[in-house]
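Colleague: Please find one structure pasted underneath; my questions will follow.
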Amino acid sequence: MTFNIYDFTSFNQWIDKGLNSIMSPTWALITEWVIIGVVFLLFYAVVGLFLVYAERKVCAFMQNRVGPNRVGPYGIFQTIADFIKLLMKELVYIKDSDKLLFNIAPFIVIIASFMALSAVPFAKGLHAIDFDIGILYVVAVSSLGVVGILLAGWSSNNKYSLIGAIRSGAQIVSYELSVGLSLLTIIVLAGTMQFSEIVEMQRNGWFIFKGHIPAVIAFVIFLIASTAETNRGPFDLAEAESELTAGFHTEYSGIKFAFFFLAEYMNMFLVASIAATVFWGGWMPFHISGWEGFNHIMDYIPPFVWYIGKTGFIIWLMMLFKWTFPRLRIDQLLTLEWKYLLPINLVNILVMAFLVLMHWHF
Amino acid sequence: MDNETLKARILSIVPDAQTEENKQYLTLVVPAAELHNLAEKLKNTQELSFDFLFCLSGVDYGKQLAVVYHLNSTTHKHAVVLKVKTDDRVNPAFDTVCDIWRTADFHERETYDMFGIRFNNHPDLRRIFLDEEWKGYPLRKDYVDEVNIVEF
Amino acid sequence: MKEIINLPVSKIEEEEYHINMGPQHPSTHGVLRLVVSLQGEMVKSLKPHCGYIHRGIEKMCEKDTYPQLIHLTDRIDYLSAHINNHAVCLLVEKALEIEVPERVKYIRTIMDELARIQSHQLWWSSFGMDLGGLTCFFYGLRDREMILDIWEETTGSRFLQSYNCPGGVMQDLHPNFQKRVHAFIKTFKKKIKDYDRILSGNVIFEQRSQGVGMLSKEDAISYGVTGPSGRGSGWSCDIRKNEPYSMYGQVQFNEVLRYGCDTYSRYMVRMQEMHESMNIIEQLIDNIPAGDYSAKMKAVIKLPAGEYYQKVESARGELGLYVVSDGNKTPYRMKFRTPSFSNLSVLDHISRGMKIADLVAIGASLDLVIPDIDR
């Protein structure tokens, strides 16, 4: 077995050959699907657990507190304890709610983020699907999450949930545009939508350095828009409504609430990993063209570590936003998108296109 | 304006007003019927301009129920205290002044709640602190409540 | 829901619905119930329902002697507890024509200003929290702990101290008092710059508070909105300046006035007032004269028959005490003119036409303490 931590393609091929030699091709395919599904589910769960713990610790350090430190050394088992508690909670059934939609809603949100996560490369060869329209696929699929939120608000038969869900729906749909357009800026620079090729093209320098000014602007807009997409940070009017109630997931209890909660953190992970891949080089180490010795040292760090490090840094930034800024009102939120981010985005794309035509990028 | 001039001005508007002894403020007892008229003149006359009603309280003097108005002028910095009294303990009523000083709205509701004094033409006279179904007016001296008040 | 769907469109627009905020609610700072009548996102009118914490303090005061009822006044506005006690003591001393020693005046003024600062710190914490900047809560309360420690050392209690008594204070200052107050002022002057950096200069915060909840000066006077809320509309109503008591006539400080009439102005008035309070304390803390901490009082305090009124400037506005005495040792009638009661009455007027999210900001900027409303 050739398990090369720097290149997973040979490992994948080894598994594939092994399975094909044991069983028929159809069964091998189905087994591979099951393996990938299980791996992803595990990854989803572990990352979710870790992110919830990380958020509580980051929030605590910003607020001059310690955070969880009782359950396990440094409180690392806190989230597991929370999940066990949520599993054991009674599921409260609402009298006049639409039962089918009420039950489906959390799953739709999870499925949307799950599907999007499968297209993102974690290391060389370590991704589930490699579409040649990768970015388009991710943007399209992640916008399915808003359906889940609207269904949750509608089927709860509750005024406040409905208000929260509709606000959230308006917010997400508006910020989709900014997300898509800022990614479009990088597509203009890269010339391709395929994730693995985008990462390969950043071998001698990340896009945020190659594309200098328009890429930096695109990154800032992407960060703002994706924080709004995931209902986080200063844009959490829909859910952290200290004004009314808990927004669209008021009526959910127990494990269903846990699903919404988990889906929010996975969405955050998803947008952070897209930002890391598209702007910051994905699993590519930090190379400066011309400094061979430096590049060689950077290459020793495994790509997976680079990827997690970059994603982690962006997640940390998003957590800082949430705990620092007050909340925006719904009309200010939409004003920000339609009157400021969208025009800036459009102009930015033009500037990037101009840059590419004149070969003024690195 | 000093107290003597104030007294003279007010007596010229309401000749039936009587002075009461008070070391701090000029205190006048006004007949209930003249209250609204006097209040309006006190607010709107340029030299008087009592635009700040800083306290409206009900008092139960044993036989009489009264409402005490403490007025202040933010421009001239003089103050005056008006009182209206009534002997009617069953259905005491005075004119409201909340069209003149908007703060009287809540204060009159509180006086009604605690003393049972009604205010004519008040936009929304109902109890403010106690339940709608509460019987009796607690701050009156003859209020008896075996459940809630413990006598030593 | 079904009824609304079946209405013709023109009728749907007329439908307003009522939302209940409270009595248990994270943003109403206590047990206050607001029934808000909304049309879409806009507030059309609102009705406050008070009385959830009505304890009948005025009735209780009629049975308590003057030193006893000081303990009740603590609980009216628990954040300016010291200032409430001060009001009762001033009234009794003025009625009995007793002159308190200089030392007492210095101590009372310093404690008053500490109370004002800690009340504004708590206000700032909950203001930030209401708007969504949850970290503000922890920063404000962390600094407030220093004041509570100072109080605990001198008076024995962090909160609701009942430290004043007619004639003076209950016990003398702790020897560490001066040192601790100096340490607090030094630390807080640095920390308050952080407060400005987090909230006051933040674009999101400015957008959410500028132009929100406009209260004109005439309305403020007519509704009786005193204190920082009134000063944010340009009304000069500071009792410490207009009718000075204790040491306020002899210290140099500015009355903070802003003319913006909106939530942002009310916010900035309070932030600046914290600076002014520290200024006052600095002028007094090193010059506390030696002497008695209490004047000689009779064992039983009986006010001569008559009516008395005392005004003080609490952290929320003008606190007025109206006492009708018939010569006994308990007051015949005691009325508290509390600032939050009048400030609440203006909430309906200034939130019309605003959105629900603004309502929270406006309520927080008026700095209502519910026991102050209900007594």
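Colleague: Test of understanding: express the Cα radius of gyration of chain A as a ratio to 2.2 N^0.38 Å, with N the residue count. Don't jump to the answer; show the numbers that get you there.
Modeller: Details: Rg = 21.5 Å, N = 362, 2.2 N^0.38 = 20.6 Å.
Compared with the compact-globule rule of thumb, chain A sits at 1.04.
Colleague: Hey, what D do you get for segment A:1-120 in µm²/s if you plug the Kirkwood alpha-carbon radius into Stokes-Einstein at 25 °C and 0.890 mPa s?
Modeller: On the way: Rh = 18.5 Å.
Roughly 133 µm²/s, to the nearest whole number.
Colleague: Please work out the Cα center distance from segment A:37-55 to segment A:138-194, rounded to the nearest Å.
Modeller: Centre-to-centre (Cα) distance: 22 Å.
Colleague: Which pairs, out of C:179/C:302; B:85/C:241; A:339/C:355, put more than 27 Å between their alpha-carbon atoms?
Modeller: Working: C:179/C:302 39 Å; B:85/C:241 34 Å; A:339/C:355 20 Å.
Those over the limit are C:179/C:302; B:85/C:241.
Colleague: Under 22 Å Cα to Cα from residue A:210, which lysines show up? Leave out anything in the same chain fewer than 8 places away.
Modeller: Excluding near neighbours in sequence, the set is A:124, A:310.
Colleague: What nm distance separates the two modelled labels at residue A:216 and residue A:85, each placed 7 Å from Cα along Cα→Cβ?
Modeller: 4.4 nm
Colleague: What order do you get for C:88, A:52, A:347, B:150 when you list them from fewest to most C-beta neighbours inside 10 Å? Could you put the intermediate results ahead of the total?
Modeller: Values: C:88 26, A:52 20, A:347 12, B:150 8.
Ranked by crowding around the Cβ, least crowded first: B:150, A:347, A:52, C:88.
Colleague: Write down, largest first, the equivalent ellipsoid semi-axes of segment A:87-179 in whole Å, where each equals the square root of 5 times an eigenvalue of the alpha-carbon gyration tensor.
Modeller: Numbers: eigenvalues 187, 59, 16 Å².
Over the Cα atoms of segment A:87-179, the semi-axes work out to 31, 17, 9 Å.
Colleague: Here is a further query. Using θ = phi - 60° and the Karplus form 6.51 cos²θ - 1.76 cosθ + 1.60, what ³J(HN,Hα) does each residue of segment A:345-358 get, whole Hz, x for Gly and Pro?
Modeller: Each residue's phi maps through the Karplus curve to give 4, 4, 5, 4, 4, 4, 4, 5, 4, 4, 4, 5, 5, 8 Hz.
Colleague: While we're looking at this one, here's another question. In Å and from the alpha-carbon atoms only, list the Rg and Dmax of chain C.
Modeller: Answer for chain C, Rg first and Dmax second: 21.8, 80 Å.
Colleague: Please list the non-local residues whose amide H lies under 5 Å from the amide H of residue B:118, H modeled 1.01 Å from N, same-chain partners needing a gap of 5 or more.
Modeller: Under 5 Å from the amide H of residue B:118 lie the amide H atoms of B:93, B:94, each far enough along the sequence or on another chain.
Colleague: In what sequence do A:166, C:350, A:84 fall when counting other Cβ within 10 Å, fewest first? Write down the numbers at each step before the final one.
Modeller: On the way: A:166 17, C:350 26, A:84 10.
The order, fewest Cβ neighbours first, is A:84, A:166, C:350.
Colleague: Can I ask one more? Among the helices of chain C (complete DSSP H runs), which have Cα atoms covering no less than 18 Å along the helix axis and a Kyte-Doolittle mean of at least 0.0?
Modeller: Values: long enough: C:81-96 (23 Å, 0.71); C:102-131 (44 Å, -0.36); C:135-155 (30 Å, -0.22); C:177-195 (26 Å, -0.88); C:263-285 (33 Å, -0.39).
Sorted by number, the helices that extend far enough and score high enough are C:81-96.
Colleague: Mind giving me the FRET efficiency for residue B:131 and residue C:24? R0 is 25 Å, r the Cβ-Cβ distance, nearest 0.05 is fine. All intermediate terms of the calculation are to be shown ahead of the outcome.
Modeller: Values: r = 18 Å, r/R0 = 0.74.
According to the calculation, E is roughly 0.85.
Colleague: Radius of gyration and Dmax for chain B's Cα atoms, expressed in Å?
Modeller: 16.3, 53
Colleague: Label points 7 Å out from Cα along the Cβ direction at residue A:27 and residue C:216: separation in nm?
Modeller: 8.7 nm
Colleague: Hey, another quick one. Divide by every residue of chain C the summed helix terms, -39500 (n - 2.57) for each DSSP H run of at least 4, and state the resulting mean residue ellipticity at 222 nm, rounded to the nearest 500 deg cm²/dmol. Let's see the in-between values first.
Modeller: Numbers: 17 runs with 185 residues, N = 375.
After summing the helix terms and dividing by the residues of chain C, the value is -15000 deg cm²/dmol.
Colleague: Could you give log10 I(q)/I(0) at q = 0.12 Å⁻¹ for segment C:185-343, computed by the Debye formula over C-alpha point scatterers of equal weight, without solvent?
Modeller: These q points yield log10 I(q)/I(0) values of -0.70.
Colleague: Quick check: convex hull over the Cα atoms of segment B:3-88, volume per residue in Å³, rounded to an integer? Could you put the intermediate results ahead of the total?
Modeller: Details: hull volume 7.9 nm³, N = 86.
Cα convex hull per residue, to the nearest whole number: 92 Å³.
Colleague: Between residue A:144 and residue A:11, what FRET efficiency follows from the Cβ-Cβ distance if R0 is 30 Å, with the result rounded to 0.05?
Modeller: Details: r = 31 Å, r/R0 = 1.05.
Efficiency at R0 = 30 Å is approximately 0.45.
Colleague: Still on this structure, please answer the following. Obtain the nm distance between the two label points defined at residue A:92 and residue C:196 by a simple spin-label model: each point lies 7 Å from its Cα along the Cα-to-C-beta direction.
Modeller: It is 4.6 nm.
Colleague: Moving to a separate point now. Note the full-extension length gain between residue B:37 and residue B:1 as 0.36 nm times their separation in residues minus their Cα-Cα distance, in nm to one decimal. Please list the in-between numbers first.
Modeller: Numbers: separation 36, 0.36 × 36 = 12.96 nm, distance 2.08 nm.
That pair, residue B:37 and residue B:1, stretches by 10.9 nm at full extension.
Colleague: What ranking do A:176, B:146, C:282 get, fewest neighbouring Cβ atoms within 10 angstrom at the top?
Modeller: Numbers: A:176 19, B:146 7, C:282 15.
With the sparsest Cβ surroundings first, the list reads B:146, C:282, A:176.
Colleague: Another question, then. So which helices of chain B fit the span-like rule, where a helix is a whole DSSP H run, its Cα atoms reach 30 Å or more along the axis, and its mean Kyte-Doolittle is at least -0.5? Mind showing how you got there, number by number?
Modeller: On the way: long enough: none.
Qualifying helices, which must be both long enough and hydrophobic enough, do not occur.
Colleague: So for the protein assembly as shown, Kirkwood radius off the Cα pairs, Stokes-Einstein at 10 °C and 1.306 mPa s: how many µm² s⁻¹?
Modeller: Working: Rh = 31.4 Å.
Value of D from the Cα-based Kirkwood radius: 51 µm²/s.
No lab work stands behind these numbers, since they all come straight from the coordinates. Small disclaimer: the values here were computed from a predicted structure and weren't measured. Positions of Cβ are backbone-derived with ideal geometry, glycine not excepted, and every protein chain shown enters the neighbour counts.
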